[in-house]
Amino acid sequence: MYVHVLGSGAGGGFPQWNCNCVNCKGVREGTIKTTPRTQSSIAISANGTDWILFNASPDIKKQMDDFPALQPARQVRDTAITAIVITDAQIDHVTGMLTLREHNKPWDVYTTQAVYEDLTTGFPIFNIYDHFRGINHHEIATDESTFTIPTAEGLVFTPVPLKSEAPPYSPHRHNTVPGDNIGMLIEDTRSGKSLFYAPGLGEAEPHVLEYMRNSDCVLVDGTVWTDDEMSHEGISDKRAQEMGHLDQSSDGGIMDILKSMEKPRKFLIHINNTNPILNEDSPQRKILDAAGIEVSYDGMELEL
Ligand code: MLT
Ligand code: MN
Ligand code: ZN
């Protein structure tokens, strides 16, 4: 399978429009070693022609401009995106659906029931689609049963419910239900290789660790280095845990978890603009390097 990182940043992207934190200022002024990042999304393809979009970010227009494979121009109105999988109903993962409204047929969209509820109530993007070509909704189960997508022949998808947080406009905010957030194991039955993708991970439960440990590659929550990172520069007193993200540096944090795993190649994704690892010269980035953990970037490609 082919994996293309469309957006490696968290909500807000990097730099964020209203942010003057050390990183955002540094990338804007070109004074730190780093690269800008758009908001969280990847695309997966079994054949290199048809692509499954995982999450639809508000930056999708730029992401598609930067990845011409998604715009093959076979007919007057065309796209190579054949289906959309949404892993949670957060703004950074769904707002791109509004940009995709001009599609000339209903989008095949895969979400859990919990995400479907949010996107037809608190943030009713799917209702708005009733005024365009609509969507064909495919429900993703929360019992770890596998499914396939017709335009991704050879790939098998296993959704894995995760402990994280539901969006502020969700009826499940602070009271989550299975399906508010999922990770996805994607196995290629031809190559025998697998990817575990989880951009929002609040807690790594044993079943999640098992999926990660057995994968060839993990692409997981890289939001923050420390749980109270947002308060360091007076940005917000919200802890990452409250937003459903496990930090990298604490005991039992993402780095600890990944370090113990031998098989997978390990990448962080959904990196918040406050995270010091965005600065390639930072001591935190060096610690991550030494732990064998890589930081994904926009445009990064993998073949598995
Ligand atoms: C999150 O990942 O916690 C959200 O996307 C935050 C946001 O709304 O930007
Ligand atoms: Mn997010
Ligand atoms: Zn910032």
| said: Is it the case, given these coordinates, that V224 is closer than 20 Å to V22 by Cβ, open to solvent by less than 20 Å² (accessible area, probe 1.4 Å) and hydrophobic (A, V, I, L, M, F, W, C)? | reply: yes
| field | Options F14, F67: the member that is on the phi < 0 side of the Ramachandran plot, of a type in the set (F, W, Y) and under 16 Å from the mean Cα position of the chain (by Cα) | value | F14
| Identity of the residue in the stretch 21-52, away from ligand 2 (no atom under 16 Å from the Cβ), closer than 30 Å to R190 by Cβ and buried (at least 16 other Cβ atoms within 10 Å of the Cβ), that ends up nearest to the chain's Cα centre (by Cα) | A43
| Options V295, V220: the member that is under 15 Å from the mean Cα position of the chain (by Cα) and over 26 Å from V156 (Cβ atoms) | V295
| task | With the condition kept exactly as written, say whether any residue in the stretch 263-277 is open to solvent by 70 Å² or more (accessible area, probe 1.4 Å), modelled with pLDDT of 95 or more, touching a strand residue (DSSP E or B) at 6+ places or on another chain (Cβ under 9 Å) and of a type outside the set (V, I, T). | result | yes
| Filter pass, H174 being open to solvent by 50 Å² or more (accessible area, probe 1.4 Å) and assigned to a strand (DSSP E or B) | no
| Which fully enclosed strands (runs of 3 or more DSSP E) of the stretch 83-169 have 1 or more residues being among the polar types (S, T, N, Q), crowded, with 16+ Cβ neighbours inside 10 Å and at pLDDT 95 or above? | 107-112, 155-161
| field | Test result for L278, closer than 22 Å to H174 by Cβ and hydrophobic (A, V, I, L, M, F, W, C) | value | no
| Filtered residue count, the stretch 251-293, keeping only those that are more than 16 Å from ligand 1 (Cβ to nearest atom) and on the phi > 0 side of the Ramachandran plot | 2
| How many residues are within 16 Å of ligand 2 (Cβ to nearest atom) and part of a loop (DSSP other than H, G, I, E, B) if we restrict to the stretch 1-14? | 5
| said: Against the definition (away from ligand 3 (no atom under 16 Å from the Cβ) and in contact with a Phe, Trp or Tyr (Cβ under 6 Å, 6 or more places away or on another chain)), how does L219 come out, yes or no? | reply: yes
| query | If you take the residues of the stretch 177-199 that are touching a residue at least 24 places away in the same chain (Cβ under 8 Å) and open to solvent by 20 Å² or more (accessible area, probe 1.4 Å), which of them is farthest from D50 (Cα to Cα)? | reply | V177
| field | the stretch 234-250, subset open to solvent by less than 40 Å² (accessible area, probe 1.4 Å) and within 12 Å of ligand 1 (Cβ to nearest atom), residue modelled with the lowest pLDDT | value | S236
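The values are calculated or read from the model by the stated rules, or taken from the named source; none is laboratory data. Remember, predicted model here, so these are calculated numbers, not experimental data. Cβ atoms come from the backbone with ideal geometry, glycine included; neighbour counts cover every protein chain shown. With ligands, DNA and RNA removed, areas are computed over all heavy atoms of the protein, side chains included. Shrake-Rupley method; radii C 1.70, N 1.55, O 1.52, S 1.80 Å.
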